[in-house]
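The values are calculated or read from the model by the stated rules, or taken from the named source; none is laboratory data. The shown structure was predicted, so the numbers you read here are calculated from the model rather than taken from an experiment. We place every Cβ from the backbone using ideal geometry, glycine too, and count neighbours over all the protein chains shown. Please note that ligands, DNA and RNA were not included when accessible areas were found on the heavy atoms of the full protein model with its side chains. Shrake-Rupley method; radii C 1.70, N 1.55, O 1.52, S 1.80 Å.
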There are 4 protein chains.
Amino acid sequence: MTSTDGDTLVALISGTDQPGIVARISNWIFERGGNIIHADQHRDQEEEIFFQRVEWSHPARDLDDEGRAFEEFARSLGMSGKLAYSRRRPKFALMVSKFNHCFHDQILRWKAGDFHGDITCVISNHRDLEAETERYGLPYYHIPVVAERKREAELRQLEVLREHEVELVVMARYMQVLSGWFLEEVQCPVINIHHSFLPAFAGGRPYHQAHARGVKLIGATAHYATEVLDDGPIIQQDVVRVNHRHGLGDLIRKGRDLEKLALSQAVMWHLENRVLIYGRKTVVFD
Amino acid sequence: MTSTDGDTLVALISGTDQPGIVARISNWIFERGGNIIHADQHRDQEEEIFFQRVEWSHPARDLDDEGRAFEEFARSLGMSGKLAYSRRRPKFALMVSKFNHCFHDQILRWKAGDFHGDITCVISNHRDLEAETERYGLPYYHIPVVAERKREAELRQLEVLREHEVELVVMARYMQVLSGWFLEEVQCPVINIHHSFLPAFAGGRPYHQAHARGVKLIGATAHYATEVLDDGPIIQQDVVRVNHRHGLGDLIRKGRDLEKLALSQAVMWHLENRVLIYGRKTVVFD
Amino acid sequence: MTSTDGDTLVALISGTDQPGIVARISNWIFERGGNIIHADQHRDQEEEIFFQRVEWSHPARDLDDEGRAFEEFARSLGMSGKLAYSRRRPKFALMVSKFNHCFHDQILRWKAGDFHGDITCVISNHRDLEAETERYGLPYYHIPVVAERKREAELRQLEVLREHEVELVVMARYMQVLSGWFLEEVQCPVINIHHSFLPAFAGGRPYHQAHARGVKLIGATAHYATEVLDDGPIIQQDVVRVNHRHGLGDLIRKGRDLEKLALSQAVMWHLENRVLIYGRKTVVFD
Amino acid sequence: MTSTDGDTLVALISGTDQPGIVARISNWIFERGGNIIHADQHRDQEEEIFFQRVEWSHPARDLDDEGRAFEEFARSLGMSGKLAYSRRRPKFALMVSKFNHCFHDQILRWKAGDFHGDITCVISNHRDLEAETERYGLPYYHIPVVAERKREAELRQLEVLREHEVELVVMARYMQVLSGWFLEEVQCPVINIHHSFLPAFAGGRPYHQAHARGVKLIGATAHYATEVLDDGPIIQQDVVRVNHRHGLGDLIRKGRDLEKLALSQAVMWHLENRVLIYGRKTVVFD
């Protein structure tokens, strides 16, 4: 995590493991004049899949060329690879409803320089956070979602996201389920925060469920959204202890802190190219 | 939790809340010469139920009389009450199978003086821990459980528990489901440790389930056993962070520490009369 | 913590323990028509000091009378008591310098209704947060502090605090040491957040100290300010795990979350009359 | 941490960073027919030091040759390296006094197969744990330590450690300070558990110190012993929340669990060759 001076390249690579793979990748980098700053790799022993995150400094040259060359090289290994330049900051959008805690948290962390990327717009099915968004100097798109005309709303959302060249969507307590069609069309990852320790209490009103069950810890889960509700690959989870003295209101209040922490950590890791999706799971090179 | 010199009486009381209840209870204690050392109360605002744990020192007098008098007093308030003397140490039994981590942990904590009660025997459906049990100087009852003759085994278990005048049964990774009939007949609480963060991953092989789902925290849950598997009132839960580098074996190893901690804390609290059951939930006066 | 409908009175009482004290207090409440909703008490076994927090609902009557009557009653027991009405919201001030994370966090939690009190002004030795403060609709007092004219600055601070009838001062990463003289004159509690797990790394640049020492957890401590730097009674502490991959910048970033959580929890507890100071320690009735 | 089938070699390497170092190491392994299973590296940006832990499977051949060849190769890079074979289990000794919780915990974890190494003997300045040690089938050396004849005792300790070909000493609450002379002569690492969150409460009676200070979390620290008391490189730290209801006895009891967890984790990591010492700090490749 230590930030480094100057520009670096970060690659995420994964694929069927093969002998000598680490040597081949590090040689490729060395031969082009790069110097590895961090490298972390993992091998799934059951599935025999190889995962690597490698970050290197490089002599001044054309970065687009470098990116293309690396992707070609990854293909030649039968691996899928993704390359990012530390200088380049991807744009992302927030989707919100009425709750404002993750909304403020995301924007304030972005302004504090915590994220390796930039919030470019806020989309909401309500007007509640419009004034606040504008005070932060960000464009706000109010796109109401009516059950029978959901497709229409999603089309409008896609339009906005494309217009802003968004590479990530963050559902900061957006209280609508995104359709499978939308998730396919959006062509970028979508991170959601669910206010429970998944897989416990998936679905609606998880704090009510947790309160009724009498659990002694409540949680929050940041995950990539998939077509199945609250089922996508988990990036980060946090919990906090509760007891009988905590009413439902206390659970909701304490949960807000968990939601902020888990979601912001997940967004941070994603933007630093630390997360590889892998079936229903993630590899997080923290 | 601070231990106090000399003997004390501990009462757990609960029932429909009524005006002046705290005053009436504290007056009763004061009038009989007792001095309250700790008192903790809770009121469920939704259900209007009152819960109290109160601990007091008392002048030397007949404790059985005192106990009877208190129970009568509680009845006169329309409350259910339970009184315990700090000097009296209830006996409890361990039920085990082949895993030995909770078994050793329970016995060593008991020998270290952590429990306000005494282990009196070990019951198992296997012979694996027989020699170890005897080295600890405890009687071991090997009662095999065959599916088609489960009732017979449970009858034998009940016989042993009664013979030892057991007031609590601790399932220290006992890998059999106790029948509803047994739980009714045993007439004392049964505490179980489940190796997941309930209600997530109830049932068999929870670490396998957790590994397959890719959760970022694993947990353990100590709860009172009820007829429905892994569904009883939760006393304590603990979690620990895991990541993609942890294989199934690591989850199992890390989970062992959680199981020991959650189970021993639950047993400690139960034996100190800190736990009140309340529907599917518990109030823990820690 | 469960909030209750309607008004309640909350009393904090402490003093030398005496037989029947709980009965006397609960009788007093009962006789005036109050009904106890929560009560928590503690007895320091070594020092024989009694501490109680009791919250009760009361029939409609003059609350000022009730408060005076209670304080008189406490005095008659030889105890010191403090009474608060749940309806009454104390005013508090933020003191800040340049860091804005605790500043935003305090104000957003206040606006979210988490605090049982109201921020009334912001005082700073710098201009950095002036525009932000005004956007939040709060008055900002820029009072520069020059070493050789510190007394002058403190006099001006006291003037502002009095003008706003402040009952609590929150040092939200205010980077100046308050003089003993100021702390005496201000006549209300001052809560500070120190960015280490006290007593480790008291004084300046605690994250640098922690990084140099190679600790595996970093912390934050919210405490009442006293004349001795970083030495006052601790209200709340939080920690988070770090490792060799975390540079100084990561420690500072991770620490910001700890500071926000520990400080806001301490302020919340203080405003709900849950904290009793007791030598260099606190009793927190959470 | 995922365990792997078959034998592996594990290398820890560190030294001044140089371009192409990762490529050179992975090439060396590849050329000798090895296949990297895990590799984790770190670069200290301030000090420009490179650290790597790499684990690889290798074709059947003479392992001693392989080890010598690797060490030579490391030297040729100007690095210091250490190689271990997963099959080879180093021997280690426990040093204890009267407390038995870490003692039992270490031995039971060893018997459960958690450690990649073997306890070979127990040394104590008291007789308290002699019978227990023998029950576990381990030799016990009672070496009393009298202040004025400490050197004599340490000579005897060294003799025992050498006789058992010990490669690690674990101070499992051994209540004597080892002299700088001893630490030099012993020629193997010594891991100690201190019962506080260092650097807070170094020295004697840390739980008493913590209780007097009124901290809200207590801790335990596993570290390599150095000549300066409680000052060596920290391997692992754990904390647990406490409150005003916890007396000194509760802190001691709760602390026992922290001590067991922190010490066993440190020993586990050390034995798996995951720890590199680095000034007063450690790099732990977990």
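Taking the alpha-carbon distance from B:Lys216 and a cut-off under 17 Å, which lysines remain once sequence neighbours fewer than 8 residues away in the same chain are dropped?
A:Lys260, A:Lys281, B:Lys254
How many percent of the accessible area of the protein assembly as shown is carbon or sulfur, using a 1.4 Å probe?
Using a 1.4 Å probe with all protein chains present, the protein assembly as shown comes out at 48 percent carbon and sulfur.
State, to one decimal in nm, how far the label point of C:Glu48 lies from the label point of A:Glu46, with both points 7 Å from Cα in the Cβ direction.
Modelled inter-label distance: 6.3 nm.
R0 = 56 Å: FRET efficiency of D:Leu158 with A:Arg156, Cβ-based, nearest 0.05?
Step by step, r from the Cβ atoms, then E = 0.10.
Measuring from a point 7 Å past the Cα of A:Asp128 along Cα-to-C-beta, which residues in segment A:246-284 have an amide N at less than 20 Å?
A:248-264
Any idea what the relative contact order of segment B:220-262 is, in percent, if you count C-alpha pairs under 8 Å spaced at least 6 apart?
43 percent
Based on the Cβ-Cβ distance from C:Glu148 to C:Val228, what FRET efficiency comes out when R0 is 35 Å, to the nearest 0.05?
About 0.95, to the nearest 0.05.
Per-residue Cβ counts within 10 Å, from other chains only, averaged over C:230-237: what number is that?
Whole-number average of other-chain Cβ neighbours for C:230-237 is 3.
Amide H to amide H under 5 Å from A:Arg173: which residues, 5+ apart in sequence or cross-chain, H placed 1.01 Å off N in plane?
A:Ile193
I'd like the antiparallel share, as a percent to the nearest 5, of DSSP beta bridges with both residues in segment B:123-241.
70 percent
If each DSSP helix of 4+ residues adds -39,500 (n - 2.57) and the sum is divided by the residues in chain A, what number results at 222 nm, nearest 500 deg cm²/dmol?
So the calculated ellipticity at 222 nm is -10500 deg cm²/dmol.
Two decimals, Cα atoms only, Kirkwood Rh: what is Rg/Rh over segment A:11-60?
Answer for segment A:11-60: 1.02.
When a/c reaches 1.5 or more, the comparison of a/b and b/c decides; with that in mind, is segment D:204-245 rounded, prolate or oblate per its Cα gyration tensor?
Oblate, since a/c reaches 1.5 and b/c is not below a/b.
When you look at the Cβ of every residue in C:192-203, what mean number of other chain Cβ atoms sits within 10 Å?
3
Non-local amide H neighbours of B:Ile119 (under 5 Å, H modeled in plane, Pro and chain starts lacking H): which ones?
When sequence neighbours closer than 5 places are left aside, the close amide H contacts are B:Phe92.
Using only C-alpha positions, report the orientation-averaged shadow area of the convex hull of segment B:65-111, nm², one decimal.
Over every viewing direction, the Cα hull of segment B:65-111 projects on average to 5.1 nm².
What is the distance, in nm, between label points placed 7 Å from the Cα along the Cα-to-Cβ direction at B:Ile277 and at A:Arg68?
Using points 7 Å along Cα→Cβ, the separation is 7.1 nm.
So what's the projected area for the protein assembly as shown, the Cα convex hull averaged over all directions, in nm²?
Averaged projected hull area, Cα only: 48.4 nm².
Provide an ascending nm list, one decimal, of label-point separations from A:Gln176 to the equivalent residue in each further copy; define each label point as 7 Å from Cα along Cα→Cβ.
Result, one decimal in nm: 5.0, 5.6, 7.4.
Quote the total accessible area buried by chains D and A together, excluding ligands, DNA and RNA, probe 1.4 Å, nearest 100 Å².
1900 Å²
Using a/c under 1.5 as the rounded threshold, could you call segment A:152-286 rounded, prolate or oblate? The axes a ≥ b ≥ c are square roots of the C-alpha gyration tensor eigenvalues, and prolate needs a/b larger than b/c, oblate otherwise.
Prolate is the answer for segment A:152-286, as a/c is 1.5 or above and a/b outweighs b/c.
Over chain B, with a Gaussian network built from C-alpha contacts below 10 Å, which listed residue (B:Ile193, B:Ile123, B:Ile25) shows the highest mean-square fluctuation?
So, out of B:Ile193, B:Ile123, B:Ile25, the one fluctuating most is B:Ile25.
Could you tell me what percent of the DSSP beta bridges with both partners in chain A are antiparallel, to the nearest 5?
70 percent
Please report which chain D residue places its beta carbon nearest the axis carrying chain D onto chain C, with the distance rounded to a whole angstrom.
D:Ala200, 2
Apply the a/c threshold of 1.5 to the C-alpha gyration tensor of segment A:118-167 and tell me whether it is rounded, prolate or oblate.
oblate
Within segment D:232-271, which residues have the backbone N less than 20 Å from the label spot 7 Å out from C:Val240 along Cα→beta-carbon, could you tell me?
D:236-241
For label points placed 7 Å from Cα toward Cβ, what is the shortest-first list of nm distances from C:Ala202 to its copies?
Copy-to-copy label distances at C:Ala202, shortest first: 1.6, 5.2, 5.2 nm.
Please compute the average number of Cβ atoms from other chains found within 10 Å of each residue's Cβ in peptide B:215-224.
Counting other chains' Cβ atoms within 10 Å and averaging over B:215-224 gives 5.
Provide the gained length on full extension for the span D:Lys98 to D:Met175, in nm with one decimal, where the gain is 0.36 nm per separating residue minus the Cα-Cα distance.
Once the chain is fully extended between D:Lys98 and D:Met175, it gains 26.9 nm.
Run through the DSSP bridge list for the protein assembly as shown and note the antiparallel percent, rounded to the nearest 5.
70 percent
Among A:Met79, A:Met171, A:Met95, which one shows the biggest mean-square fluctuation in a GNM of chain A, springs joining Cα atoms closer than 10 Å?
A:Met79
If one computes P(r) from the Cα atoms of chain A, what percent of pairs lie at distances over 28 Å?
Pairs farther apart than 28 Å: 43 percent.
Put +1 on the Cβ of every Lys and Arg and -1 on every Asp and Glu Cβ in segment B:113-219; which of B:Pro189, B:Val145, B:Gly113 then has its Cα farthest towards the positive end of the dipole?
Looking along the dipole axis, the top candidate is B:Val145.
When the Karplus curve 6.51 cos²θ - 1.76 cosθ + 1.60 is applied with θ = phi - 60°, which whole-Hz ³J(HN,Hα) does each residue of segment B:85-97 get, with x for Gly and Pro?
Working through the residues one at a time gives 9, 4, 6, 7, 10, x, 8, 9, 10, 9, 10, 9, 10 Hz.
Calculate, for segment C:75-136, the solvent-accessible area per residue in square angstrom, rolling a 1.4 angstrom probe over the heavy atoms of the protein chains.
Result: 42 Å² of accessible area for each residue.
In nm, one decimal, shortest first: how far is the label point of A:Gly33 (7 Å from Cα along Cα to beta carbon) from the matching points in the other copies?
Label-point distances to the other copies, shortest first: 3.9, 8.8, 9.5 nm.
Out of every Cα pair in segment B:74-218, what percent are spaced more than 24 Å from each other?
Distances greater than 24 Å cover 41 percent of the Cα pairs.
Provide the three semi-axes, in whole Å and in decreasing order, of the ellipsoid equivalent to segment C:229-286 as defined by the square roots of 5 times the Cα gyration tensor eigenvalues.
28, 13, 9
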